[in-house]
Amino acid sequence: MKHLTSLQGSCTLVGAGPGDPDLLTLKAVKAIGAATVLLVDDLVNDEILSHARPDARIVHVGKRGGCKSTPQAFIEKLMITAVREGEHVVRLKGGDPFIFGRGGEEVEHLREAGIEAQVVNGITSGLAAVTALHVPLTHRDRAQGVVFVTGHAKTGQSSTEQPTDWRKLAAAARDARLTLVIYMGVSGAAHIQHGLLAGLPGDTPVAVVQDASLPTQRHVLSNLERMHEALSESGMGSPAIIVVGDVLRGMAAVQTERQQEVRALG
Ligand code: SAH
């Protein structure tokens, strides 16, 4: 029989950040350390689990290693059951739980079950990716705002999901001077490029950053005209962020200078 006080379970959605364990918030570390059950997503760095109690139950619900990912409904059921059993559940999600992580759906379903989940922000990978390039997301002369958008082309996952209208987005980015930060865009890069070229000039700078904040981090710098080609040539794959916009211009200039320097030296 469970002790009475242990019946007051809890659930916290915790952002694990982009990968570097040092980018966790103190609040995340505290929540992980207090958890009795951890449900861990794909793209969460294993090193982060060193903050968990040795007796905590750790359940990997991602699809790495070729296994199928655990269905969302099953994960939510697991969370609800564990909370009702008095467990302190931490749902560890890559980046920020509320940016393309289905955190919103989880909070809603928990609420329907009478459980009010807490949410701890994490540094979203889009932020980390742009910072990795030493460029700002906004710049008084180059970008007045930022759009975080999914490049995931798949439709029909849910009845209300609509594919992104890249042409309209490109026009908005041009008119309002916005930086585009595209998540899950690598496999649909050719389609995204085609749509964006309808509204943005071909020389608009593009960067793709893989494994942002990790020792394996790499990036490729190009422009919209050559984006897909450059991406294929680089051999880069998921997880990666595509950044489009004039905030990259400073960086492009620095790179060109460096290439010229290298050529001059060589
Ligand atoms: N909630 C997460 C995003 C989940 S969607 C966040 O806030 O970051 C998964 C996508 O995030 C990947 O397809 C990729 O586009 C991006 N991503 C996650 N980690 C990344 C990393 N370390 N470097 C580059 N992109 C990453």
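Per-structure values
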quantity: Tabulated pairs, segment 16-36, first among the β-branched types (V, I, T), second more than 14 Å from the ligand (Cβ to nearest atom) and at pLDDT 95 or above, C-beta under 6 angstrom, 6+ apart or interchain; calculated: V29/H51; I32/H51; I32/A52; I32/V90; T36/A56; T36/E87; T36/H88
quantity: From the options I123, I75, residue that is crowded, with 20+ Cβ neighbours inside 10 Å and within 15 Å of the ligand (Cβ to nearest atom); calculated: I123
quantity: Hits in segment 179-204 - residues which are within 14 Å of G245 (Cα to Cα) and surrounded by fewer than 22 Cβ atoms within 10 Å (Cβ to Cβ); calculated: L197, G199, P201, G202, D203
quantity: Residues of segment 174-217 satisfying the condition of being in a loop (DSSP other than H, G, I, E, B) and under 30 Å from I48 (Cα atoms); calculated: M184, G185, V186, S187, D211, A212, S213, L214, P215, T216, Q217
quantity: Single residue of I75, I80, I58, I115 found to be in contact with a helix residue (DSSP H, G or I) (Cβ under 7 Å, 6 or more places away or on another chain), in contact (Cβ under 8 Å) with a residue 24 or more places away in the chain, not assigned by TED's automatic domain parsing to the domain that holds I182 and not in a loop (DSSP other than H, G, I, E, B); calculated: I80
quantity: Identity of the residue in segment 133-148, part of a strand (DSSP E or B) and among the hydrophobic types (A, V, I, L, M, F, W, C), that ends up surrounded by the fewest Cβ atoms within 10 Å (Cβ to Cβ); calculated: V147
quantity: Extreme residue, nearest to V14 (Cα to Cα), among residues of segment 83-104 that are modelled with pLDDT under 95 and either more than 8 Å from the ligand (Cβ to nearest atom) or assigned to a loop (DSSP other than H, G, I, E, B) (or both); calculated: G101
quantity: Number of the exception - H219 against (1) touching a residue at least 24 places away in the same chain (Cβ under 8 Å); (2) more than 13 Å from the ligand (Cβ to nearest atom); (3) surrounded by fewer than 24 Cβ atoms within 10 Å (Cβ to Cβ); calculated: (2)
quantity: Those residues of segment 222-237 which are in a loop (DSSP other than H, G, I, E, B) and surrounded by 15 or more Cβ atoms within 10 Å (Cβ to Cβ), in sequence order; calculated: M236
quantity: Residue in segment 82-90 that is hydrophobic (A, V, I, L, M, F, W, C) and out of contact with any Cys (no Cβ under 9 Å at 6 or more places or on another chain) present; calculated: no
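The values are calculated or read from the model by the stated rules, or taken from the named source; none is laboratory data. Predicted model, so just to flag it, every value in this text is computed and none were measured. Every residue, glycine as well, gets a Cβ built from its backbone with ideal geometry; the counts of neighbours run over all protein chains shown.
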